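Trainee: One structure, pasted below without further comment.
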């Protein structure tokens, strides 16, 4: 069990990192404006499950294997990057449907699944747990695996709060956008470009 001081320090450091916009935040904002609050919150749930996959991997030591192996790291990186770019290109090529304020172009189920994939195949998350989390593990406090699981779970909970807040705030802008003429542009060109950008970010990630 990590000490109380380690838990507090880790939580503060994690929150400081989580509130800085990155791939997950961009994805949540994208879903919030394009599809509304419920779809965005489904994306948040998926993203946090993706984060928890990395928590389990770190606990089992798989993150270290990925970071140590150029081949394993490359596989994870290019799967994630390729998925995001394909989704982006499909979005750019598809004409958005006319919508009302109550409707969404993407189902909650698909948004949830995409969220899982986005963070599961995000090598930056694996590298975060590899390079950041171990700094707060105290070997004299017991099982390192248990400490990793506890601290990782705290990160996931904080991520859910942070990403959820982004979803709520960003989705509040959706109504004015729907009543205007800008949402089709956002749905097609902004959303598609964001997905491609996320793919480029994932592809450019390098091992430290």
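Trainee: Among the residues of region 33-59, write down those that are part of a helix (DSSP H, G or I) and more than 14 Å from the chain's Cα centre (by Cα).
Mentor: Matches in region 33-59: 33, 34, 35, 37, 38, 39, 56, 57, 58, 59.
Trainee: Can I ask one more? Just the residues that are outside any helix (DSSP H, G or I) and either in contact (Cβ under 8 Å) with a residue 24 or more places away in the chain or in contact with a helix residue (DSSP H, G or I) (Cβ under 8 Å, 6 or more places away or on another chain) (or both), please, taken from region 129-164.
Mentor: 132, 137, 138, 142
Trainee: Tell me which residues, restricted to region 137-164, are modelled with pLDDT under 85 and under 26 Å from residue 45 (Cβ atoms).
Mentor: Listed by number, the list holds a single entry, 145.
Trainee: Any residue in region 165-187 that's modelled with pLDDT of 80 or more: show its pairings with residues that are not in a helix (DSSP H, G or I) at Cβ separation under 9 Å, as long as the two are six or more apart or on different chains.
Mentor: Between residues of region 165-187 that are modelled with pLDDT of 80 or more and residues that are not in a helix (DSSP H, G or I), the close pairs are 165/19; 166/19; 166/21; 171/36.
Trainee: When you scan region 12-25, do you find a residue that is in contact with a helix residue (DSSP H, G or I) (Cβ under 7 Å, 6 or more places away or on another chain), more than 17 Å from residue 119 (Cβ to Cβ) and at pLDDT below 80, even just one?
Mentor: No, there is no match, as no residue in region 12-25 is in contact with a helix residue (DSSP H, G or I) (Cβ under 7 Å, 6 or more places away or on another chain), more than 17 Å from residue 119 (Cβ to Cβ) and at pLDDT below 80.
Trainee: Can you work out which of the residues in region 88-99 that are modelled with pLDDT of 70 or more and in a loop (DSSP other than H, G, I, E, B) is surrounded by the fewest Cβ atoms within 10 Å (Cβ to Cβ)?
Mentor: Checking each candidate, the answer is 95.
Trainee: For residue 55, indicate whether it is buried (at least 18 other Cβ atoms within 10 Å of the Cβ) and modelled with pLDDT under 85.
Mentor: Judged against the criteria, residue 55 is not a match.
Trainee: Here is a follow-up. Test of understanding: among 34, 64, which residue is crowded, with 18+ Cβ neighbours inside 10 Å and either modelled with pLDDT under 85 or in contact with a helix residue (DSSP H, G or I) (Cβ under 9 Å, 6 or more places away or on another chain) (or both)?
Mentor: Testing whether each residue is crowded, with 18+ Cβ neighbours inside 10 Å and either modelled with pLDDT under 85 or in contact with a helix residue (DSSP H, G or I) (Cβ under 9 Å, 6 or more places away or on another chain) (or both) leaves just 34.
Trainee: Is there a residue being at pLDDT 80 or above, under 19 Å from residue 109 (Cβ atoms), within 15 Å of the chain's Cα centre (by Cα) and in a helix (DSSP H, G or I) anywhere in region 75-87?
Mentor: no
Trainee: Of all residues being at pLDDT below 75 and not in a loop (DSSP other than H, G, I, E, B) in region 100-125, which is surrounded by the fewest Cβ atoms within 10 Å (Cβ to Cβ)? Just the residue, please.
Mentor: Selected residue: 124.
The values are calculated or read from the model by the stated rules, or taken from the named source; none is laboratory data. Predicted model only: the values in this text are computed from it and were never measured. As a convention, Cβ positions derive from the backbone with ideal geometry for all residues, glycine included, and neighbour counts pool all protein chains shown.
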